[in-house]
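The values are calculated or read from the model by the stated rules, or taken from the named source; none is laboratory data. What you see is a predicted model; the values in this text were computed from it and never measured. As a convention, Cβ positions derive from the backbone with ideal geometry for all residues, glycine included, and neighbour counts pool all protein chains shown. Protein only, heavy atoms only, side chains kept; ligands, DNA and RNA dropped before computing areas. Shrake-Rupley method; radii C 1.70, N 1.55, O 1.52, S 1.80 Å.
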Amino acid sequence: MLLARILRKFITRGELTVIDAAGRAHRIGDPARGPSVTIRLHDRALHRRLLLNPRLAVGEAYMDGSLTVENGSIYDFLDLYGLNSGTGTMNALDRGWTRARLLWRRFQQANPLHKARDNVAHHYDLSPALYDLFLDRQRQYSCAYFTSPEDSLEQAQENKLRHIAAKLCLDRPDLKVLDIGCGWGGMSLHLARAAGAQVTGITLSREQHDHAVATAAVRGLAQRTDFQLCDYRQHEGRYDRIVSVGMFEHVGVNQFRTYFDKCADLLKPGGTMLLHTIGRYGPPGITNPFIARYIFPGGYIPALSEVVQVIEKSGLVVTDIEYLRLHYAETLRHWRERFLAKWDEAERLYDARFCRMWEFYLAACEMTFRHQGHMVAQIQLAKSPDAVPLTRDYIGEWEHAGEQAGEHRGEAALEPRPQARLP
């Protein structure tokens, strides 16, 4: 089998056994140098698809059931792939697909207003009951911040909220804060509660908007929050602080300049902004085709070099950058394990094919942070370099004060939460 011959050049750490559609087993690699995984291909046509476009075909085949894992799980298979991803490239066809996608990525990520709304609805307007199966209590759908390996997902997400709040320099109450891409409202509500801020949260997801409004009412924060269904390009106002968590990945490379120009226009003189986004260590790249087609259409993980050069043209000043290296890998591990534990409930919401798609998505994303050069960057921005303190001591001081206050109040554990609606 041609596929097996190519894999022999690629798999050098661990062993992959491929059982082809005719039932023949092809053992590839060295089990003494890593894990052993067995996959079975149930369709002869899949042999060719894996050769022509492996980054798309593997996920589709697992989702449709024409590729199954017999020794291990899809996570184990992707982990084995990740361990070997630095040893070479699958084949010339795979390299060709990558070069072609680089050429047309601007078309793929155009994201005009109507398309941006559709892209957001594709993912974020799924059943809210689905997200309750694997997210934390506040539905934080972005990288958590693990200050200890023993942190629960809930604790790590609370850590993240405090860490970001600290970088916003919330030095007085009633600051006007804009939360771009507010999700289900967790960040906005935290800033309103912990800092007494007046927070406007904008999102394109109706499900997220409605949940945020309901949660604010339940928590007695409706007077301090204003959640709007709005694209950032259409929003008007002037703010002391801006925060954006996990939204920039949906902007698209064509809109980078528009995004930062808009942020500069919305931010008052002396104001501060914190951008929390997934990034890549290496040069500009492409979105994985499976993720682009089935999970996040229009999405893109930027290289820091692409982001900083646009920031420079916007008039904003970079005052701090922090890389959260493996925090998202650990976050995704928690999400994946929780999802697998609630598989039957997810299958009742959708079907087995959807569950396999979601499992593949969570496992594949975790591998990108463990093996393939993805990380999270927190970029602090301001209108002038003297907008924030000269040293970073203020970050730890804010976090410590918030942690102590939270221990005494127990707010994170006691706050009620609206019930998710079934589809």
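The calculated FRET efficiency for residue 171 paired with residue 354, based on their beta-carbon distance and R0 = 41 Å, is about 0.35. When the convex hull of its Cα atoms is viewed from all sides, region 164-261 shows a mean projected area of 6.0 nm². Rolling a 1.4 Å probe over the heavy atoms of the protein chains gives region 184-343 an accessible area of 35 Å² per residue.
Using r as the Cβ-Cβ distance of residue 127 and residue 230, and R0 as 22 Å, what FRET efficiency do you calculate, to the nearest 0.05? Here the calculated transfer efficiency is 0.40. Near residue 198: Cβ cut-off under 11 Å, other residues only, Lys/Arg at +1 and Asp/Glu at -1. The net charge is 0. Using a 1.4 angstrom probe on heavy atoms only, work out the carbon and sulfur share of the accessible area of the chain in %. Within the chain, the accessible surface is 52 percent carbon and sulfur. Measuring r between the beta carbons of residue 42 and residue 114 and using R0 = 45 Å, the FRET efficiency lands at 0.70.
Can you tell me the orientation of helix 92-108 relative to the chain, as the angle in degrees between its alpha-carbon axis and the longest Cα principal axis, to the nearest 10? So the helix axis and the longest Cα principal axis differ by about 30 degrees. Among the trypsin sites (Lys or Arg not before Pro) found in region 307-338, those both in a DSSP coil and sparsely packed, with 15 or fewer other Cβ atoms within 10 Å of their Cβ, are 325. Please list log₁₀ I(q)/I(0) at q = 0.07 Å⁻¹ for the chain, using the Debye equation with identical point scatterers on the alpha-carbon positions. Evaluating at q = 0.07 Å⁻¹ gives log10 I(q)/I(0) of -0.36. Which value in deg cm²/dmol, rounded to the nearest 500, describes the helix-derived mean residue ellipticity at 222 nm for the chain, given -39,500 (n - 2.57) per DSSP H run of n ≥ 4 and division by the residue count? -14500 deg cm²/dmol, from helical runs alone.
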